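Heads up, the thing below is written out as C-alpha cells.
The values are calculated or read from the model by the stated rules, or taken from the named source; none is laboratory data. Quantities reported herein were computed from a predicted structural model and do not represent experimental measurements. Cβ coordinates were reconstructed from backbone atoms using ideal geometry, including for glycine residues, and neighbour counts include every protein chain displayed.
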Amino acid sequence: MIYNFLTGDLIIKSLIVLLALFNFNLSAHKLHMYPDAPLKIITIGHPTLTMIAGEIPYEEISSEETQELIDKMIVTMKKAGGVGLAAPQVNVSKRLFVMKPSWFKKAEAIINPVVEYIDGAGTKSSTEGCLSIPGKQFKVERYKELNLSYYTREGEFMSEHATGFRAIVAQHEYDHLNGILIANFFFPNFVPMPISKDVPLM
C-alpha cells in the first residue's frame, strides 16, 4: 500500500490539524449547490463521506431510481466543473461513481467497482482537487496502472486495464466509496493550498 493511514489517537490528532488547516467545523458541514445542478455536493465533515458505501444489487441497476441518480450525478459533475463524482459525495452511500476523464468520451457510470492496484507499474505524483473539499488542492501519490472491474449502467460487466489520467480519476472516486478523502493521507503527501484553475476536480 502506498497510503499511510492514521489509526487510534493519531486520527483525532490529524483531524484537529485538518480542522485548523481548513477551518472546517465537523458539526456544521456545508453543502455546495452549483447553479442548475440537480444534486447538492456534501463537504468534509459530513458522516456519509467516511462510510464504506454499499453495493447496488444487480437487479437495481436498471431501475428508474438508479438511472435517474446516474443522470443527475453526471449533470452535477459537469455543472461543478468536475471530471468525477462519487455517490457518497451527493449523500448517497452506494458503490457508484461517474467520470469523464477524457474530452473524447461520454461521461460514464462505474457501478460496484473492484480495483486491483498494480504495484509493479510504480506510482506518480498527482495534484488533485476534491469537490467535497472545495477551494483546496492536494498532492498525492497514485498508482500508474490498475485493473478495474465494474458494471455499466446497462448492466454489462466490464474489466479493463486503466492507465494515465483515467486511472487517477478512478482511484480518487474509488477512495470515496471506501470512506477515504485525500485529506486522510499523511501530511507530506498533500499540499493545503488554494486550488489552481488547472487542477482537476473529482
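Some values worked out for this structure:
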{"read-out": "Residue under evaluation ALA109, criteria (1) farther than 16 Å from PHE165 by Cβ; (2) outside any strand (DSSP E or B), criterion not met", "value": "(2)"}
{"read-out": "Every residue from region 141-199 that is assigned to a loop (DSSP other than H, G, I, E, B), among the aliphatic types (A, V, I, L, M), modelled with pLDDT under 95 and out of contact with any Pro (no Cβ under 9 Å at 6 or more places or on another chain)", "value": "LEU181, VAL191, VAL199"}
{"read-out": "Yes/no for PHE157 being within 18 Å of PHE97 (Cβ to Cβ) and under 17 Å from the mean Cα position of the chain (by Cα)", "value": "no"}
{"read-out": "Residue selected from region 85-102 under the condition modelled with pLDDT of 95 or more and assigned to a loop (DSSP other than H, G, I, E, B), by the criterion surrounded by the most Cβ atoms within 10 Å (Cβ to Cβ)", "value": "ARG95"}
{"read-out": "Any hit, region 118-136, residues being in contact (Cβ under 8 Å) with a residue 40 or more places away in the chain, touching a Cys at 6+ places or on another chain (Cβ under 8 Å), among the charged types (D, E, K, R) and surrounded by 16 or more Cβ atoms within 10 Å (Cβ to Cβ)", "value": "yes"}
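Conditions (1) modelled with pLDDT under 85; (2) in contact with a strand residue (DSSP E or B) (Cβ under 6 Å, 6 or more places away or on another chain); (3) surrounded by 13 or more Cβ atoms within 10 Å (Cβ to Cβ), marked per residue:
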residue: MET1; (1), (2), (3): yes, no, no
residue: LEU6; (1), (2), (3): yes, no, yes
residue: LEU18; (1), (2), (3): yes, no, yes
residue: PHE22; (1), (2), (3): yes, no, yes
residue: LEU39; (1), (2), (3): no, no, yes
residue: ILE56; (1), (2), (3): no, yes, yes
residue: THR66; (1), (2), (3): no, no, yes
